[in-house]
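Structure record follows, encoded as structure tokens.
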Amino acid sequence: MHENTTATPSPETPRTPWLQTLRVYLEPASLRMLTLGFSAGLPLLLVLGTLSFRLREAGIDRSTIGYLSWVGLAYGFKWVWAPLVDRMPLPLLTRMLGRRRGWLLLSQGLIVAGLAGMALADPRQTLGPIVWCALAVAFGSATQDIALDAFRIESADADRQAALAATYQTGYRLAMIWAGAGVLWIAARAEVAPALGQAAAQGAAAYQNGAWQTAYLVMAASMAVGMVTVLFSREPRPMALPPARNAAEWLRSALIEPFADFLRRYGWQAALILALIAVYRISDVVMGIMANPFYVDMGFTKDEVAAVTKVYGVIMTLVGAFVGGALSMRFGVMRILMLGAMLSACTNLLFAWLAGHGHDVTALIAVVSADNLASGIASAAFIAYLSSLTNVSYSATQYALFSSMMLLAPKFVAGFSGDYVNAFGYAQFFTATALLGAPVLVLVWLASRAKTA
């Protein structure tokens, strides 16, 4: 038996009427999660997917791009400093804004500074500055995630968490569209026509760093959406923390107790839960690193990729996130978790088909639409599942542990994606990433049986 300290709704709770289910999306807490989700989703692609497009266009080889994706491992280790974000006050910001909002604003400022640095760097000259700035963005983004996950979990009771997860995911995915399609569109608009006789015979020669500089500076400015929301939001009611008599006791309560609490509540099931968390998004994450280099190598232009992902990607992401959140509230998280895992693996096979089909914008529309729909459904259900596992007394640290494990193994494996594509080609790579989803289905089934046992 587990203590009744998690955000898990009672299995005896009657189903919510559809109208009431949909009305929850208009509540202030849900709307705040929409804009804060945008702030959380913006940095990710700018240090991973979009950056890989930029680097490939600059002539950087696929293996190097794959290894540079390890910058994203910062997200996989955020549990290390999560206890500090959860418990440690910031000298000035905490007094002015509160513990959660203070950390949010600090991390957002670091993201802005890192994106500005990435804008000014030129990868053709040296990769060092752009890598260090990308690490700063990733660290700031991971810290923002820690504080924001706690802010979200503490902002509403258990039966609202699926709705908050859906609106958070919607904002997150909209930001990813902006940081993916939007940045490509801006970079394309900012390009200048080459002088006569300077037409490039090679892809690297067509690269214009000034255009990317403009695009990344616009992305840095876009972080204002989250920063303004933080400034005008209310701090959630703080959890009462037991007083620590000395430094050792504070460290025990901040660093050890959140993990010990999780093990006490779930016992042997903790290993199964952590295994599921560790691999649930592996198909999407590993595939995503090579998606943009794939578009470049297939001959799709920045405008084509931007138009497809911006229009069809936005629509299907919105549909997927809201459908995933609503279905999770209606039919239970575990069922939709299984559905999302199946859809995510199957859509990777569509990319394998596109690799053999060739340059075809209509086919790209179909594949991107299906991929965004599946990802929206899977992500909304998964966020709700992770939220249900946390004890609100340790919300930031425990959620950071879960979301870190979600990325650690996939990000590590993704680092070798460029080598795999060089050796076997894109079609086999996408097929292999789909097969990575097979163990996920087994783990979801086992976890659902353990949860109902």
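Please give the residues of region 350-388, grouped as numeric ranges, whose backbone N is less than 15 Å from a label point set 7 Å along the Cα-to-Cβ vector of LEU441.
350
State the extension gain, in nm to one decimal, for the chain segment bounded by LEU90 and VAL228, taking 0.36 nm per residue of separation less the distance between their alpha-carbons.
My answer for the length gained is 47.8 nm.
Counting other beta carbons within 10 Å of each residue's own, what order do CYS133, CYS346 fall into, fewest first?
Exposure proxy ranking, most exposed first: CYS346, CYS133.
With 10 angstrom as the radius, rank ARG173, ARG234 by how many other C-beta atoms surround their C-beta, starting from the fewest.
Sorted ascending by nearby Cβ count, the order is ARG234, ARG173.
What percentage of all Cα-Cα pairs in region 38-98 are separated by more than 14 Å?
69
How large is the convex hull of the C-alpha atoms of region 330-453 per residue, in Å³?
It is 117 Å³ per residue.
In Å and whole numbers, how far do the C-alpha atoms of region 311-385 stretch along each principal axis, longest first?
40, 22, 15
Give the average over all directions of the projected area of the C-alpha convex hull of region 61-151, one decimal, in nm².
6.4
Given R₀ = 56 Å, what would the calculated FRET efficiency be for PHE331 paired with VAL192, taking r from the Cβ atoms and rounding to 0.05?
Approximately 0.60, to the nearest 0.05.
Bear in mind that the values in this text are calculations on the coordinates, not laboratory data. None of these values were measured; they are calculated from a predicted model. In this analysis, Cβ positions are derived from the backbone assuming ideal geometry, glycine residues included, and neighbour counts consider all displayed protein chains.
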